[in-house]
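Working notes for the structure below.
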Amino acid sequence: MPPMEPGQNSPSLAERAYRIRRNALLMGEVQGQGYIAQALGIADVLAVSYFHAMRYRPDDPEWEGRDRFLLSIGHYAIALYAALLEAGILPEDELTSYGADDSRLPMSGMAAYTPGMEITGGSLGQGLALAVGFCLGLKRKKSDSFVYCLISDGELGEGSIWEGAWSASHWQLDNLIAIVDVNNQQADGPASQVTGFEPAASRFEAFGWHVQRVDGNDIDALVQAFDAAKACSEQKPRIIICDTKMAKGIPFLEARERNHFLRVEPQEWQDALKILDAGRPA
């Protein structure tokens with residue numbers, strides 16, 4: 001199978017994002033709970049990443065010429081699985097195994113288990129430093145591949161993130177594109193109140209990064225931002241700060257005051273799927 005090249009986006013990116021959200025809801029229904037709000041919120045970013053920006057081979061997840069997608073936020077695994085299912089890297093018949101014993105889809109991402117999962121998550125704040133290592137390795141191999149690293153606003157309170165940011169700038173890693181999901185929610189409450197991370201953009205600029213901030217649920221804005229990040233001619237790492245809506249597209253879940261980890265009643269899963277299907281892109 002030929003590699004998935006950047007820009008090959010038929011069906012539309014909006015349709016891809018819809019399918020990613022639907023996959024996430026179906027997996028959540030299996031367990032009756034989970035990090036569903038994050039998956040719904042980050043679906044547009046994942047659609048643009050996998051179906052506009054990245055290069056990979058669905059039938060060969062370890063192809064050396066691929067772009068790498070590092071999930072620093074291990075508990076977002078359900079979101080990445082949903083994208084990997086849509087990309088054809090994971091088979092559809094594994095969807096219902098989410099979170100089960102011996103499943104390749106554990107509730108927190110593990111590289112040893114899951115094709116397409118580049119790093120093991122769990123201990124938060126480690127992904128960006130790992131991405132620096134990936135980028136340095138690719139540079140030494142003379143590879144033109146990019147490394148994408150998804151981190152959360154809550155992780156910006158971890159010192160290891162800023163060590164990674166400093167190192168990436170020092171090494172002029174222009175093959176690194178970091179993505180920050182700013183949904184302002186974490187387990188202890190609003191992320192901005194737990195460890196204030198603003199002004200995020202100017203902080204990364206001070207560390208020597210090429211910085212953009214966009215609406216993370218606006219597909220057109222995301223396409224422009226990813227294109228600009230890849231096209232930047234400066235020898236510096238790039239970051240796209242994405243403001244997203246938790247549980248995007250499902251109003252009764254959006255309205256929940258605390259939706260970091262959702263427990264959803266059986267009938268509510270069906271209600272959510274009906275709402276999502278009703279808004280399917282034409």
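The values are calculated or read from the model by the stated rules, or taken from the named source; none is laboratory data. These numbers were taken from a predicted model, which means no experiment stands behind them. Cβ coordinates were reconstructed from backbone atoms using ideal geometry, including for glycine residues, and neighbour counts include every protein chain displayed. Heavy atoms of the whole protein, side chains included, go into the accessibility calculation; ligands, DNA and RNA do not. Shrake-Rupley method; radii C 1.70, N 1.55, O 1.52, S 1.80 Å.
Here are the numbers:
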read-out: Single match in A200, A221 (criterion: out of contact with any Gly (no Cβ under 8 Å at 6 or more places or on another chain) and more than 25 Å from Y18 (Cα to Cα)); value: A200
read-out: Top-ranked residue of segment 1-13 - restricted to ones that are modelled with pLDDT of 80 or more and surrounded by fewer than 17 Cβ atoms within 10 Å (Cβ to Cβ), ranked as nearest to A247 (Cα to Cα); value: S12
read-out: Residue list for segment 120-137, restricted to those being assigned to a loop (DSSP other than H, G, I, E, B) and surrounded by 21 or more Cβ atoms within 10 Å (Cβ to Cβ); value: G121, G125, Q126
read-out: Residue check for S192: open to solvent by 10 Å² or more (accessible area, probe 1.4 Å) and modelled with pLDDT of 95 or more; value: no
read-out: Neighbours by Cβ (under 7 Å, 6+ apart or cross-chain): first from segment 82-95, open to solvent by 30 Å² or more (accessible area, probe 1.4 Å); second of a type in the set (K, R) and outside any helix (DSSP H, G or I); value: E94/R104
read-out: Count - residues of segment 220-267 that are of a type in the set (D, E, K, R) and assigned to a strand (DSSP E or B); value: 3
read-out: Where a residue in segment 239-257 is in contact (Cβ under 8 Å) with a residue 24 or more places away in the chain and open to solvent by 60 Å² or more (accessible area, probe 1.4 Å) and its partner, wherever it lies, is in a loop (DSSP other than H, G, I, E, B) and not aliphatic (A, V, I, L, M), with Cβ under 8 Å and at least six apart; value: K245/N183; K245/N217; K248/N217
read-out: Residue within segment 201-221 that is without any contact (Cβ under 8 Å) to a residue 24 or more places away in the chain, within 21 Å of L40 (Cβ to Cβ) and of a type outside the set (S, T, Y) present; value: yes
read-out: Failed item, numbered, when L173 is tested on (1) open to solvent by 60 Å² or more (accessible area, probe 1.4 Å); (2) under 25 Å from V223 (Cβ atoms); value: (1)
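The rows are residues; the columns are (1) under 23 Å from I119 (Cα atoms); (2) part of a strand (DSSP E or B).
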| site | (1), (2) |
| --- | --- |
| I151 | yes, yes |
| W162 | yes, no |
| W166 | yes, no |
| F197 | no, no |
